[in-house]
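Engineer: Take a look at the following structure, please.
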Amino acid sequence: MDSLWNEDKPVLQVDAGDMFGRRNKNDRFQAEFLCDVCGDFGVDAIGLGEMDLNYGLDFLRKMIDENGLPFTNANVRDLATGELILPEYLIVEKNGIRFGIISVLDPLYKIVTMAAKDPELEVNDPVTVLRELVPRVREEADTILLLAHVGDRNAEELVKEVKGIDMCVIGHSFRSLNTERIIEDSALMCATREGQFIGKADLFVDDGDGQLMAFDIEIVDMDGSKDESEEVLARVAKFKKDLQEFQQAKRAAFPRDLGSDKESFLVDRSCMGCHEDAWQVYAQSAHRKAFATLRNKGQQNEPECLSCHTTGYRYKNGYADERPFNYLINVQCEACHGYGTEHNRDGKWAQQAKDSCVICHDKENSPDFDYATYWEKIKH
Ligand code: HEC
Ligand code: HEC
Ligand code: HEC
Ligand code: HEC
């Protein structure tokens, strides 16, 4: 980034939102690192994306406070108080020109948080909000910059419907805009995603009234061809080490100390040939989807979830994310029956599976569990 901004011109650095990752603890750990680095880079404004609420409002506020992050948003409110959750807009002065920076979030993007208790939020209609706000900000600013966390199509609609936006940086889009695009006097810009591209716009602003006269866009691929900063590289290396330790600590909370090294799980398909009827029931059951359930929630790396949504997680030779143990996803036959290598035909082996249910179907995760009714659904 230093090499991009080295032309001795004032630089305004903005981000249109979705800085945070998915809703799991590894990504949250990474978000803390990103916030730390972004704080040091001196970003001037960050628009709110729905992902930025993935770990809850308290977490976002903590990151803002600890790292001085200039998050802004004009249309997300705490439903109970009616207050905006972030500063309504920002005024940033560069070279004597006052930029009024506003951000809106598309109400259709679902806000789902990992936090146990969060205020209920409402997201107001962006057009209504901007029509009222833009003229108000214009009184304090020379140039109006919109961070539109609404995707590219909606951003084009927005600048058509709301007058007075000089420039619009688009968030929540998967398509970089490589060429200059002007709609109704608004310049649009978009660089996607996950830090892979950085959009650079040279702005030519009228000395007198601060009006945007022209702009010139370049999408820079951060493919590693640029010189790396030694300082940032060192921080990334440290972060990776910290992340590993973090993961190990989580893993250590669920030691693989049950069972025996000498026994193995043989995987569900190995039972299929001899137990066709049991297989049919199992194949239709929710147990066979238990891992997909975690994946849908982005939680497939969380030990505290894996312990019940995989086979033998706490056991020696049980589920792990490397081969061959990664075949033990889902609640397979052996999650209830035990190691296949202990296969027995004495009648007791089947019986003991009855005791397995409540290890996973505990009060917290399966409050309605009742052996008779639940067994009825998977009996074989
Ligand atoms: C290793 C953990 C584990 C064990 C042992 C286990 N279950 Fe489950 N069970 C789950 C999980 C996880 C789900 C949810 C799967 C999903 O939908 O992702 C589930 C779902 C179910 C469902 C579907 C519930 C529904 O409403 O559709 C039934 C029925 C069920 N289990 C019965 C049993 C019975 C009976 C036993 C004991 C014989 C048992 N389970 C043992 C983890 C377990
Ligand atoms: C102690 C065991 C246990 C743990 C730990 C556990 N689950 Fe489950 N989970 C279950 C059982 C059992 C069910 C089925 C409940 C029922 O239907 O009665 C279930 C059901 C679910 C369902 C509903 C599935 C559906 O489609 O209806 C989701 C989602 C889920 N779990 C996610 C998670 C996540 C995410 C974690 C980690 C934060 C987790 N679980 C940790 C045992 C567990
Ligand atoms: C959710 C736990 C669970 C899963 C998963 C499960 N079983 Fe069972 N299974 C049981 C229980 C409990 C019994 C004993 C029921 C009884 O005797 O009342 C049983 C009984 C059996 C029996 C004895 C049936 C009989 O007629 O006596 C066989 C064989 C069997 N299971 C095979 C399998 C195979 C093969 C799979 C996988 C394809 C499988 N089970 C998956 C819990 C499970
Ligand atoms: C080579 C064939 C074969 C394979 C493979 C096989 N079984 Fe069996 N299993 C049998 C036979 C035969 C019996 C006794 C008759 C019966 O109950 O169906 C039996 C019995 C069982 C029983 C009842 C045990 C008891 O208490 O008497 C269970 C439970 C069971 N098998 C589960 C499994 C599971 C789980 C797997 C996969 C890990 C598996 N079997 C793989 C042939 C097989």
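The values are calculated or read from the model by the stated rules, or taken from the named source; none is laboratory data. The model shown is predicted, which means the values in this text are computed figures rather than measured ones. No Cβ is skipped: glycine too gets one built from the backbone with ideal geometry, and neighbour counts run over all protein chains shown. The protein model used for the area step is the full one, side chains on, heavy atoms only, and it has no ligands, DNA or RNA in it. Shrake-Rupley method; radii C 1.70, N 1.55, O 1.52, S 1.80 Å.
Engineer: Which count do you get for residues in the stretch 217-265 that are open to solvent by less than 70 Å² (accessible area, probe 1.4 Å) and acidic (Asp, Glu)?
Structural biologist: Of the residues in that region, 3 qualify.
Engineer: Kindly provide the set of residues from the stretch 39-81 that are open to solvent by 30 Å² or more (accessible area, probe 1.4 Å) and either outside the structural domain of Lys25 (by TED's automatic domain parsing) or out of contact with any Pro (no Cβ under 9 Å at 6 or more places or on another chain) (or both), ordered by number.
Structural biologist: Asp40, Phe41, Gly42, Met51, Asp58, Arg61, Lys62, Asp65, Glu66, Asn67, Gly68, Arg77
Engineer: Just to be sure I understand, how many residues within the stretch 167-211 are in a loop (DSSP other than H, G, I, E, B) and in contact with a Gly (Cβ under 6 Å, 6 or more places away or on another chain)? Full working, then the answer.
Structural biologist: Taking the stretch 167-211 and keeping what is in a loop (DSSP other than H, G, I, E, B), we get 172-180, 184-185, 190-196, 206-211.
Of the ones still in play, those that are also in contact with a Gly (Cβ under 6 Å, 6 or more places away or on another chain) are 172-173, 191.
Residues flagged as in a loop (DSSP other than H, G, I, E, B) and in contact with a Gly (Cβ under 6 Å, 6 or more places away or on another chain) within the stretch 167-211 amount to 3.
Engineer: Okay, next question. For the stretch 337-374, give me the residue count where each residue is within 16 Å of ligand 4 (Cβ to nearest atom) and surrounded by 12 or more Cβ atoms within 10 Å (Cβ to Cβ).
Structural biologist: From the stretch 337-374, those within 16 Å of ligand 4 (Cβ to nearest atom) are 337-357; that's our starting set.
Okay, now just the ones that are also surrounded by 12 or more Cβ atoms within 10 Å (Cβ to Cβ), so 337-343, 349-350, 352-353, 356-357.
Looking only at that region, the number is 13.
Engineer: Filter the stretch 299-311 down to residues that are open to solvent by less than 10 Å² (accessible area, probe 1.4 Å) and in a loop (DSSP other than H, G, I, E, B) and give me whichever is farthest from Tyr55 (Cα to Cα).
Structural biologist: Filtering the stretch 299-311 for residues that are open to solvent by less than 10 Å² (accessible area, probe 1.4 Å) and in a loop (DSSP other than H, G, I, E, B), the one farthest from Tyr55 (Cα to Cα) comes out as Thr311.
Engineer: How about the stretch 326-341: which of its residues are of a type in the set (Phe, Trp, Tyr) and within 15 Å of ligand 1 (Cβ to nearest atom)?
Structural biologist: Tyr339
Engineer: Which of the numbered conditions does Lys377 fail, given that it passes all the others? Conditions: (1) buried (at least 17 other Cβ atoms within 10 Å of the Cβ); (2) within 8 Å of ligand 1 (Cβ to nearest atom).
Structural biologist: Unmet condition: (1).
Engineer: Okay, next question. Might you let me know whether the stretch 342-363 holds any residue that is farther than 27 Å from Ser260 by Cβ and either within 8 Å of ligand 1 (Cβ to nearest atom) or out of contact with any Leu (no Cβ under 6 Å at 6 or more places or on another chain) (or both)?
Structural biologist: So in the stretch 342-363, the residues farther than 27 Å from Ser260 by Cβ come out as 363.
Adding the requirement that they be either within 8 Å of ligand 1 (Cβ to nearest atom) or out of contact with any Leu (no Cβ under 6 Å at 6 or more places or on another chain) (or both) leaves 363.
Yes: one or more hits.
Engineer: Report whether or not Asp346 is more than 8 Å from ligand 3 (Cβ to nearest atom), of a type outside the set (Gly, Ala, Ser) and more than 20 Å from Leu266 (Cα to Cα). So that I can check it myself, show each step before the final result.
Structural biologist: Numbers: more than 8 Å from ligand 3 (Cβ to nearest atom): yes; of a type outside the set (Gly, Ala, Ser): yes; more than 20 Å from Leu266 (Cα to Cα): no.
In short, no.
Engineer: Of the numbered conditions (1) within 17 Å of Cys168 (Cα to Cα); (2) open to solvent by 20 Å² or more (accessible area, probe 1.4 Å), Lys110 satisfies every one except a single condition; which is it?
Structural biologist: Against the list (1) within 17 Å of Cys168 (Cα to Cα); (2) open to solvent by 20 Å² or more (accessible area, probe 1.4 Å), Lys110 comes up short only on (1).
Engineer: Going through Val281, Val358, Val267 one at a time, which residue ends up being outside any helix (DSSP H, G or I) and not assigned by TED's automatic domain parsing to the domain that holds Arg28?
Structural biologist: Numbers: Val281 fails: outside any helix (DSSP H, G or I); Val358 fails: outside any helix (DSSP H, G or I).
Answer to the selection: Val267.
Engineer: Six or more apart or on different chains, Cβ under 9 Å: which pairs go from a residue in the stretch 218-240 that's at negative phi and touching a residue at least 60 places away in the same chain (Cβ under 8 Å) to one that's assigned to a strand (DSSP E or B) and surrounded by 14 or more Cβ atoms within 10 Å (Cβ to Cβ)? Could you list them?
Structural biologist: Listed by first residue and then by second, the contacts come to Val220/Phe197; Val220/Ile198; Val220/Gly199; Val220/Lys200; Lys226/Val220.
Engineer: Scan the stretch 95-107 residue by residue and report those that are open to solvent by 50 Å² or more (accessible area, probe 1.4 Å) and either within 21 Å of Arg61 (Cβ to Cβ) or in contact (Cβ under 8 Å) with a residue 12 or more places away in the chain (or both). I'd like the intermediate steps shown before the answer.
Structural biologist: Keep residues of the stretch 95-107 that are open to solvent by 50 Å² or more (accessible area, probe 1.4 Å), which gives 95-96, 98, 107.
Listed by number, the residues that qualify are Asn95, Arg98, Pro107.
Engineer: Here is a follow-up. Tell me which residues, restricted to the stretch 214-227, are within 26 Å of the chain's Cα centre (by Cα) and not small (Gly, Ala, Ser).
Structural biologist: Within the stretch 214-227, the subset within 26 Å of the chain's Cα centre (by Cα) is 219-224.
Correct list: Ile219, Val220, Asp221, Met222, Asp223.
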